[in-house]
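Working notes, structure below.
The values are calculated or read from the model by the stated rules, or taken from the named source; none is laboratory data. From a predicted model like this one, the values you see are computed outputs, not experimental measurements. A quick note on method: Cβ atoms are made from the backbone with ideal geometry, for glycine too, and the neighbour counts reach across all protein chains shown.
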Amino acid sequence: MDAQQFLQLLKKELMIAMGCTEPAAAALAGAKARLLLGEPIVRLEVRASRDMVKNAMGVGLPNCTLRGIQAAVALGAAGGDVDNGLGILSEISEDQKRIATRFAAENTVTLALADDVPPVYIGVTAFGASHVAEAVISGEHNRFARLRRDQKVLGELPLVSSNHQESENDVTSDMIAHLSLSEIAEAVSKIDTSDFDFVLHGAETNLAIAKHAMVTDFGLSVGKTMGEGLPEHPTSLNEAYALGAAYAAAASDARMAGCPLPVVINSGSGNQGITVSVPLLVMARYLDTGTDHLVRALCTSHLVALVLTAKKDRLSALCGAFTAAIGTACGLVYLQGGSVEAMDRAVNTMVGNLTGIICDGAKGTCALKIYSSVEAAAISSRLALKGISPSDESGIVGKDALQSFSYLTQISHEGMEQTDRTILAIMMGKQELCTR
């Protein structure tokens with residue numbers, strides 16, 4: 001991959017989202033189905049992957065008190081603007097809230113789990129008096145894979161993103177998955193950073209919601225609590241690492257509680273976008289790093305996280321904050337002048353430390369996992385810069401980052417499939433108990 005392809009990839013991935021991306025995708029599908037139907041909705045049928053249901057179940061929605069995937073679909077179907085993409089929940093009118101609440105009271109929206117579909121999958125079928133319309137999002141959170149009105153198919157794509165290049169600058173998931181740390185470092189060293197200023201703006205957007213949450217109570221207030229006593233402008237490396245973790249957790253506290261401030265995402269996830277960017281911005285300000293070097297470090301962090309996503313899927317039983325924090329560790333190493341070999345060591349330490357941390361949906365405790373994962377990234381980067389990392393005799397740690405990535409992917413795909421099913425079964429069982 002060349003610099004132009006890296007630019008295209010990051011421009012595609014680093015988009016703005018309002019609230020958690022799984023409910024946003026659900027609202028987007030609901031809004032599209034409404035537009036295709038073209039008449040008043042009588043009922044809505046939702047089919048979603050277990051990971052989509054899991055991630056939308058307990059998270060707050062921006063600008064309202066509703067929760068869950070059915071509520072998100074209802075809000076979109078009640079008048080969401082498709083043109084806002086994953087920012088569709090940034091504007092919710094009182095009429096939307098009223099209609100969505102009525103849909104819930106009348107059981108207008110039904111939900112079924114879809115088997116044998118990608119982890120990112122939601123299909124909404126809207127029924128009117130005379131017509132039926134279907135909108136399916138699959139593969140990525142804003143990727144419409146099927147659009148239909150009555151028997152007429154208006155658009156259809158494979159359920160997963162194609163690995164076929166339409167042009168020479170296209171980037172496929174296979175190309176991303178096979179990137180090495182040395183290839184990332186070489187490409188990042190050659191970029192014109194002025195072309196990548198949006199990466200820095202994204203980090204600043206994420207820092208803004210973090211700072212808001214440091215003075216406001218959201219969710220568990222993990223970031224606000226852990227930031228107590230830390231200066232806004234760190235005076236030591238220890239303080240910079242600690243403040244980066246606190247700010248990242250604070251941003252998640254706010255986002256998971258439905259705070260109506262935007263976040264720039266990575267791998268379709270706001271929490272991952274926060275994790276790979278906020279700690280680096282805090283550290284760079286302590287180190288007084290130049291803008292060019294910071295942008296290169298941010299690109300490194302984002303790209304390593306995207307490589308792991310391409311290998312393990314966007315949603316799985318493995319916590320995305322943890323895999324994103326592997327990118328954070330590499331970015332912190334780069335920021336402090338570390339080599340590719342040091343990044344390699346940081347990856348192995350991360351894999352040897354927190355592998356196995358589960359994803360049990362998007363909700364307030366994500367802030368806890370982000371704090372722990374960023375702290376782990378701090379440990380990994382500091383050890384790596386001293387030339388220290390576990391050897392490949394240590395459990396699932398590989399001889400290098402590439403092999404460790406492979407083992408991590410194997411655990412996510414083969415080792416945690418039943419774990420994912422069990423997690424959702426527990427969560428849905430709890431929900432059934434609450435509705436009795």
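No other residue among Leu332, Leu315, Leu368 is in a helix (DSSP H, G or I), of a type outside the set (Phe, Trp, Tyr) and more than 24 Å from Ala284 (Cβ to Cβ) apart from Leu368. For Ser269, state whether it is in contact (Cβ under 8 Å) with a residue 40 or more places away in the chain, crowded, with 23+ Cβ neighbours inside 10 Å and under 17 Å from Ala329 (Cβ atoms). In short, no.
Among the residues of region 397-411, those identified as in contact (Cβ under 8 Å) with a residue 24 or more places away in the chain, more than 19 Å from Glu183 (Cα to Cα), not in a loop (DSSP other than H, G, I, E, B) and not aromatic (Phe, Trp, Tyr) are Leu408, Thr409, Ile411. For region 284-301, state whether one or more residues are touching a residue at least 60 places away in the same chain (Cβ under 8 Å) and over 19 Å from Lys11 (Cα atoms). No; the residues of region 284-301 include none that is touching a residue at least 60 places away in the same chain (Cβ under 8 Å) and over 19 Å from Lys11 (Cα atoms).
Report yes if some residue within region 47-55 is modelled with pLDDT under 95 and farther than 22 Å from Leu159 by Cα; otherwise report no. Checked region 47-55: no residue is modelled with pLDDT under 95 and farther than 22 Å from Leu159 by Cα.
All told, Glu39 falls short of being in a strand (DSSP E or B), surrounded by fewer than 24 Cβ atoms within 10 Å (Cβ to Cβ) and among the acidic types (Asp, Glu). For region 70-100, the set of residues classified as over 17 Å from Pro260 (Cα atoms), among the charged types (D, E, K, R) and not in a helix (DSSP H, G or I) is empty.
Residues that are outside any helix (DSSP H, G or I), in the same structural domain as Thr216 (by TED's automatic domain parsing) and acidic (Asp, Glu) do occur in region 270-290, at least one of them. The residue list Ala321, Ala342, Ala310, Ala325 contains one member that is assigned to a helix (DSSP H, G or I), at pLDDT below 95, assigned by TED's automatic domain parsing to the domain that holds Ala367 and in contact with a helix residue (DSSP H, G or I) (Cβ under 9 Å, 6 or more places away or on another chain), which is Ala310.
Going by the structure shown, is Ala78 within 21 Å of the chain's Cα centre (by Cα) and over 15 Å from Gly270 (Cβ atoms)? So Ala78 fails the test.
Return yes when Gly128 is modelled with pLDDT of 95 or more and in contact with a Pro (Cβ under 7 Å, 6 or more places away or on another chain) and no when it is not.
yes
For the criterion of being part of a helix (DSSP H, G or I), over 20 Å from Ile370 (Cβ atoms) and of a type outside the set (Val, Ile, Thr), Ala297 fails. Consider region 15-36 and keep the residues that are crowded, with 24+ Cβ neighbours inside 10 Å and in a loop (DSSP other than H, G, I, E, B). The one that is modelled with the lowest pLDDT is Gly19. Taken over region 380-396, the criterion of being part of a helix (DSSP H, G or I) and either touching a helix residue (DSSP H, G or I) at 6+ places or on another chain (Cβ under 7 Å) or under 19 Å from Glu22 (Cβ atoms) (or both) is satisfied by Ser380, Ser381, Leu383, Ala384, Leu385.
Restricting attention to region 228-260 and to residues that are outside any helix (DSSP H, G or I) and within 20 Å of Gly320 (Cβ to Cβ), the residue that is modelled with the lowest pLDDT turns out to be Gly258.
Quick check on region 366-381. Is at least one of its residues at positive phi, assigned by TED's automatic domain parsing to the domain that holds Tyr241 and in contact (Cβ under 8 Å) with a residue 40 or more places away in the chain? For region 366-381, residues at positive phi, assigned by TED's automatic domain parsing to the domain that holds Tyr241 and in contact (Cβ under 8 Å) with a residue 40 or more places away in the chain: absent.
Residues in region 298-319 that are touching a Cys at 6+ places or on another chain (Cβ under 7 Å) and surrounded by 24 or more Cβ atoms within 10 Å (Cβ to Cβ) were compared, and the one that is farthest from His178 (Cα to Cα) is Ala317.
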